[in-house]
Amino acid sequence: MSIPARAPHFVRSFERGLAVIRSFDAAHPARTLSEVARACGLPRAAARRLLLTLVDLGYVHGDGRLFRLTPRVLELGYAYLAGLTLPQVAEPHLEHLVVQVKESSSLCVLDGDDIVHIARVPTARIMSAVVTVGTRFPAHVTSVGRVMLAALADAELELRLNRAELRPLTARTLVAPEDLRAELKRVRRQGYALVDQELEEGLRSVGAPVRGRDGAVVAAVNIAVHAGRTSVAAVRRDLLPPLLAAVARIEADLRITDPTGAAATPPVAGPARGAAAPRITDPGPACAPGTGTRRSSSSPRPPAPAG
């Protein structure tokens, strides 16, 4: 088979060096010189020079017979990972979550007194609410907003509650400051928020905070459902565990990234390490976002919530 022509700038020795690195994998964590040469289709002498160069640079360790990659090779991928924004890190996990639970999910950040959707994966339904990246809702009536508000220091939380417009959006909306404070204390204690039809009738959602590498809350993820399809008990039983698992995967990725520019505002400060783990059996009042969004279908089926 003929080898495709390369551009004049192409550096074949660099290509061979990368081939040597890629020859190590889970099935072959250690290789001899001959094995590397065969895997890369290189003469032994060329493979030896490349391996010894990688040893000198610290990317490969050799014990005289076997060669292995060192942790330093992670630097080669870190430059890419460090450039990812928070939505880019989270979206694959949101997509997996939506496939798993067959409900819509969003990633949101706190901006002033509102939450802003910075990533969203809708579920496939005949009728769906129109929520796009950039959509804003009052933080105190959404599950994602409540978990981020609950993470604030007490003084900052009081400042926000004192200036918030606590008007009833539905008959279920918490409008008394003391009731909202009590609910946020519950959210802080249990590690998640479940909001039941407070933003829009018929919409429920459960939200959990996303913490960055320093343990501070930087965003929140929710799963939104129609109240006619999913009870509060079913949200806790069936949706909360996969939500928490997805958040844990996002946080694991964030620990090896630096998602600068993930939000228009600084990360939400608040208690990080030492906080109680989410207790998914904790009862208590339901709470989570609806949408107030446009719908476009004449189908009698209930809408997919916006989150």
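Structure data summary
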{"read-out": "Test: residue in the stretch 123-134 that is buried (at least 20 other Cβ atoms within 10 Å of the Cβ) and not aliphatic (A, V, I, L, M)", "value": "no"}
{"read-out": "Test set (1) part of a loop (DSSP other than H, G, I, E, B); (2) open to solvent by less than 60 Å² (accessible area, probe 1.4 Å); (3) touching a helix residue (DSSP H, G or I) at 6+ places or on another chain (Cβ under 7 Å) - Glu200 fails condition number", "value": "(3)"}
{"read-out": "Which numbered condition Pro242 misses (of (1) touching a residue at least 60 places away in the same chain (Cβ under 8 Å); (2) buried (at least 20 other Cβ atoms within 10 Å of the Cβ); (3) assigned to a helix (DSSP H, G or I); (4) in contact with a Leu (Cβ under 7 Å, 6 or more places away or on another chain))", "value": "(2)"}
{"read-out": "Qualifying residue in the stretch 71-85 (condition: open to solvent by 30 Å² or more (accessible area, probe 1.4 Å), of a type in the set (D, E, K, R) and at pLDDT 90 or above)", "value": "yes"}
{"read-out": "Breaking point among (1) modelled with pLDDT of 95 or more; (2) surrounded by 11 or more Cβ atoms within 10 Å (Cβ to Cβ), for Ile115", "value": "(1)"}
{"read-out": "Any hit, the stretch 212-219, residues being in contact with a Cys (Cβ under 7 Å, 6 or more places away or on another chain) and either modelled with pLDDT under 90 or not in a loop (DSSP other than H, G, I, E, B) (or both)", "value": "yes"}
{"read-out": "Filtered residues of the stretch 149-158 (kept if of a type in the set (A, V, I, L, M) and surrounded by fewer than 21 Cβ atoms within 10 Å (Cβ to Cβ))", "value": "Ala153, Ala155, Leu157"}
{"read-out": "Matching option when the condition is among the basic types (Lys, Arg), under 18 Å from Pro71 (Cβ atoms) and open to solvent by less than 70 Å² (accessible area, probe 1.4 Å), among Arg22, Arg31", "value": "Arg31"}
{"read-out": "Among the residues listed as Leu50, Leu57, the single one being at pLDDT 90 or above, more than 30 Å from Arg236 (Cβ to Cβ), of a type outside the set (Gly, Ala, Ser) and open to solvent by 70 Å² or more (accessible area, probe 1.4 Å)", "value": "Leu57"}
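Here is a yes/no grid of residues against (1) more than 26 Å from Ala248 (Cα to Cα); (2) open to solvent by 50 Å² or more (accessible area, probe 1.4 Å); (3) assigned to a helix (DSSP H, G or I):
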| site | (1), (2), (3) |
| --- | --- |
| Val147 | no, no, yes |
| Arg160 | yes, no, yes |
| Glu165 | yes, yes, no |
| Leu169 | yes, yes, no |
| Thr173 | yes, no, no |
| Lys185 | no, yes, yes |
| Arg188 | no, yes, yes |
| Val206 | no, no, no |
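The values are calculated or read from the model by the stated rules, or taken from the named source; none is laboratory data. Owing to the predicted nature of the structure, the values given are computational and were not obtained by experimental measurement. All Cβ positions, glycine included, derive from the backbone under ideal geometry; neighbour counts span all protein chains shown. Quick note on the areas: whole protein, heavy atoms, side chains included, nothing else; ligands and nucleic acids left out. Shrake-Rupley method; radii C 1.70, N 1.55, O 1.52, S 1.80 Å.
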